[in-house]
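What follows is a set of notes on a single structure, which appears directly below.
Just so you know, all these numbers are worked out from the coordinates, no wet-lab data involved. Being a predicted model, the structure only gives us computed values, none of them experimental. When we count neighbours, we look across all protein chains shown, and the Cβ atoms used for this are built from the backbone with ideal geometry, even at glycine.
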Amino acid sequence: MTGAFPLIRLLDKGAVVFLVLLGAFAIAIPVLNLLVPSSSALHVSTYLVALFGKYLCYALLALSIDLIWGYAGILSLGHGAFFALGGYAMGMYLMRQIGTRGVYANPILPDFMVFLNWPELPVYWYGFDYFAYAALMVLLVPGALAFVFGWFAFRSRVTGVYLSIITQALTYALLLGFFRNNFGFGGNNGLTDFKDILGFNVQAETTRNALLVTSCIALAFGFLICRAIVTSKFGKVLVAIRDAESRTRFLGYRVEAYKLFVFTLSACMAGVAGALYVPQVGIINPSEFAPGNSIEAVIWVAVGGRGTLTGAVLGAFVVNYAKTYFTSGILAPYWLFMLGGLFIGTTLLMPRGIIGTYNHWRANRSEKKVAAAPVASPSAAE
Amino acid sequence: MTDIPLEKQTTSALLYLDGISVSFDGFKALNELSFVVEPGEMRAIIGPNGAGKTTMMDVITGKTRPDSGDVYFQEGAYDLSKLDETQIALLGIGRKFQKPTVFEMHTVEDNLLLALENDRDVAATLLWRSSLPQEKRIDEVLDTIRLKGVRSRVAGSLSHGQKQWLEIGMLLAQEPKLLLVDEPVAGMTDVETMQTAELLKEINQSKTVVVVEHDMAFVRELGVKVTCLHEGAVLAEGSIDQVSQNERVVEVYLGR
């Protein structure tokens, strides 16, 4: 009984629907790509597989933002930084896998280092030829940065718009740093021309499908972790902090410890999203640190519905699909206006986002049903 | 916590304030304020606007640091001026704010659950499971604050008076040694005011309570020792009749 209870709490109806849909997606896309002949109308092109894989990574990033913004009220406008750092860690692994197949055929140094006349591999590139080490760094580097940043920010009780501004500054500072050649990450070209991942060709159809499935699994895991957190008592404390921070403090909770934990966890999730993103798009460069990217990710969450988790995923898919659709047509020059309009429209007309509005509508409907059923007069209650 | 001189522990008071001064940009909010609250006592604090009532609460709960003076808790065992809000809350001082602040998005039950005396660190809340004694305690508190019928309603949908009670209930669930209650009946109907007085008297049977209030009828109903503050210092102290007959009190408080 007590063992079953947390599981029921974890998987409410919305969560089950979400996981089933995600599972169906993870099976259907590879089947339609690999097994259905390309002459068939049902065939999904490899281009679409890569595109959906990219969306899944964005969805995981959105999920990580929803966890801190939707539940703890921490509006990070620099979450793209953690995404990009995870991406760079994966990119460094992929660079080391190129080996002698680079333009300069140097077995150790990536092409850009040869080009810059670097005599040897910088120390911080050591170990990235091992996948396990790189995977660890994918979690550790964003996590450590978030921990240090959060430790200072939350202890000093930086909240609200001030916190948002310094997160912007954080990602902007990293953008400037990674642009520099002597930083050792390929300057403004970033890392690209990847060949293999774990011995498989990154361009191959099967690898692309495997990456898509892996992204689905990562998203499902991320979702379950978030669900476990927001349905626990810890999650209730987070919402309490979001709605009345000083009250929570006067109840005896260490608000900064709660924020630090969830912020660091969220950064690790963003790092994983970035790491899965890089092999699927084939490049990582400093533009991923651009403040605009982080703001866009916040828009996905707002459109889908903050504080709903599933909304973040839906928002990432809807907005990015719209972006792909509109930026490839004649409306391309107007995309940024549409994005801005979407954000303003959501804020003004649908502040709860898609899923939030739906939940609210359903809650209202069931409340009306309850109110209509009993005979008790409502006027007596007040 | 350990650097408090031993002689301070000679006080028998639960709460001991001596010569507290706080100034904001030259304005003296508290001016050499001193008073003590004995264990098990209920004390009403009155005073006109700007008398320093809320600042005093802020000093006790660690929100504001005093410029000078001593604040001791539990027979001088703890120097509150050196602790922060969380540490003070964990020592057993619960505070109800002037404006009712409950967690609006949580249900009444969850509000109490969050307040319930429990391990409050991150790992403990992540792994928390509900237990029978805790549920029983929530039921008891719901009975005390008369909100059993609305336990699963979202706190934001409660009436003003119900929110005030819920906040008092949250204080109770914290199992504090000392309750600081700031204007509990502001905005309440007469009936609710009297019910609140009953509630506080009930709570006082097991806990020490300090109530800040403007409403004279309410203070009279409580029937406890009254301290009148004025310009950051104690002006008069005694029973409500004694204090309200004091000429200076009448002058500053009931209108000059």
*Could you tell me what percent of the DSSP beta bridges with both partners in chain B are antiparallel, to the nearest 5?*
55 percent
*Could you give the angle, 0 to 90 degrees to the nearest 10, between helix B:160-173's Cα long axis and the longest principal axis of the Cα atoms of chain B?*
90 degrees
*Hey, if you put +1 on the Cβ of every Lys and Arg and -1 on every Asp and Glu Cβ in the protein assembly as shown, which of A:A81, A:P107, A:T264 ends up farthest toward the positive end of that dipole?*
A:P107
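Can you compute the charge dipole magnitude of chain A about its Cα centre, using +1 on each Lys and Arg Cβ and -1 on each Asp and Glu Cβ, nothing else charged? Give it in debye, rounded to the nearest 20.
Numbers: 25 positive and 15 negative charges, 235 e Å.
Result for chain A is approximately 1120 debye, rounded to the nearest 20.
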*Can you put A:K13, A:K233 in order, fewest other beta carbons within 10 Å first?*
A:K13, A:K233
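Explain nothing, just the number: dipole magnitude of the stretch B:96-209 about its Cα centre with +1 on each Lys and Arg Cβ and -1 on each Asp and Glu Cβ, in debye rounded to the nearest 20. All intermediate terms of the calculation are to be shown ahead of the outcome.
On the way: 14 positive and 18 negative charges, 15 e Å.
Charge dipole of the stretch B:96-209: 80 debye, to the nearest 20.
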*Report the residues of the stretch A:230-266 in range of a label on A:L136: point 7 Å along Cα→C-beta, backbone N strictly under 20 Å from it.*
A:265
*asked:* For the protein assembly as shown, compute the orientation-averaged projected area of the C-alpha convex hull (one quarter of its surface), in nm².
replied: 37.2 nm²
*asked:* Please rank A:Y58, A:Y172, fewest neighbouring Cβ atoms within 10 Å first, as an exposure proxy.
replied: A:Y172, A:Y58
_Expected output is a single nm value to one decimal: the length gained when fully extending between A:R9 and A:H43, i.e. 0.36 nm times separation in residues minus the C-alpha distance. What is it?_
8.4 nm
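Could you work out the Kirkwood radius for chain A, taking every pair of different alpha carbons, averaging 1/r and inverting it, reported in Å? Display every interim value, and only then the final one.
On the way: mean 1/r = 0.0448 Å⁻¹.
Evaluated on chain A, it is 22.3 Å.
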*With labels modelled as points extended 7 Å from the Cα through the Cβ direction, what inter-label distance (nm, one decimal) is found for B:A77 paired with B:K177?*
0.4 nm
*With both partners inside the protein assembly as shown, how many of the DSSP beta bridges are antiparallel, as a percent to the nearest 5?*
60 percent
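For A:D193 and A:V123, compute 0.36 nm times the residue count separating them, minus their Cα-Cα distance, and round to one decimal in nm.
23.0 nm
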